[in-house]
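Engineer: Dropping a structure here in structure tokens format, bear with me for questions.
The values are calculated or read from the model by the stated rules, or taken from the named source; none is laboratory data. Because the structure is predicted, anything quoted here is derived from the model rather than measured. Here the Cβ is made from the backbone with ideal geometry for all residues, glycine too, and neighbour counts use every protein chain on show. With ligands, DNA and RNA removed, areas are computed over all heavy atoms of the protein, side chains included. Shrake-Rupley method; radii C 1.70, N 1.55, O 1.52, S 1.80 Å.
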Amino acid sequence: MECEFPTINSNKQEIKEIFESVKTIAIFGLSPDETKASHRVAKYLQEVGFKIVPIYPKEDEILGEKVYRSLVEIPFNVDMVDIFRKPKALIAVAQGCIARGDVKVFWAQKDIVNNEAADMATKAGMKVVQNHCSMVEHRNL
């Protein structure tokens, strides 16, 4: 497995500001399997008041929310993407965020880093968090 050190990353103050401003979070790779990290994190975010939007190739509903196959299908604004995908998939996710134009935060979960995708997102005006768990960071606030 290839490991990359995050050269682009938000600091603790920026992460605090992210959680204060974000309302809708699209979750790439949100598994219906309750034992998976993506499911546990999404459930936590939903329970603390965020609107979660599952993006997953199967299922019609996860955690009581309609499942979309891609970011482009979501018919309302998305403030943040929270990504549970392999690092190589992040380029396409960044391109999708840029194409939408409404995503403010590009968040790659723990152990997920792609500096090229992070650079693309930053240049498009998004805040970027890599290699951090959104649930852990929110709890730490």
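Engineer: Pick from Ser70, Ser10, Ser31: which is surrounded by 19 or more Cβ atoms within 10 Å (Cβ to Cβ), hydroxyl-bearing (Ser, Thr, Tyr), in contact with a helix residue (DSSP H, G or I) (Cβ under 8 Å, 6 or more places away or on another chain) and closer than 27 Å to Lys123 by Cα?
Structural biologist: Answer to the selection: Ser10.
Engineer: A further question on this structure: Could you list, in sequence order, the residues of the stretch 38-57 that are open to solvent by 50 Å² or more (accessible area, probe 1.4 Å) and either closer than 21 Å to Asn140 by Cα or in a strand (DSSP E or B) (or both)?
Structural biologist: Answer for the stretch 38-57, where residues must be open to solvent by 50 Å² or more (accessible area, probe 1.4 Å) and either closer than 21 Å to Asn140 by Cα or in a strand (DSSP E or B) (or both): Arg40, Lys43, Gln46, Glu47, Val48, Gly49, Lys51.
Engineer: Hey, another quick one. Within the stretch 113-141, how many residues turn out to be over 18 Å from Arg85 (Cβ atoms) and open to solvent by less than 20 Å² (accessible area, probe 1.4 Å)?
Structural biologist: Of the residues in the stretch 113-141, 1 are over 18 Å from Arg85 (Cβ atoms) and open to solvent by less than 20 Å² (accessible area, probe 1.4 Å).
Engineer: While we're on this one: Mind telling me which of the residues Glu4, Glu14, Glu34, Glu20 ends up being in contact with a Pro (Cβ under 8 Å, 6 or more places away or on another chain) and not hydrophobic (A, V, I, L, M, F, W, C)?
Structural biologist: Glu4
Engineer: Spot the failing condition for Phe76; the list is (1) touching an Asp or Glu at 6+ places or on another chain (Cβ under 8 Å); (2) loosely packed, with under 12 Cβ neighbours inside 10 Å; (3) aromatic (Phe, Trp, Tyr), and only one is missed.
Structural biologist: The single condition Phe76 does not satisfy is (1).
Engineer: Among the residues that make up the stretch 47-60, is at least one of them in contact (Cβ under 8 Å) with a residue 60 or more places away in the chain and aliphatic (A, V, I, L, M)?
Structural biologist: For the stretch 47-60, residues in contact (Cβ under 8 Å) with a residue 60 or more places away in the chain and aliphatic (A, V, I, L, M): present.
Engineer: Kindly provide the set of residues from the stretch 88-112 that are within 22 Å of Lys58 (Cβ to Cβ) and either open to solvent by less than 40 Å² (accessible area, probe 1.4 Å) or in contact (Cβ under 8 Å) with a residue 24 or more places away in the chain (or both), ordered by number.
Structural biologist: Result: Lys88, Ala89, Leu90, Val93, Gly96, Gln109, Ile112.
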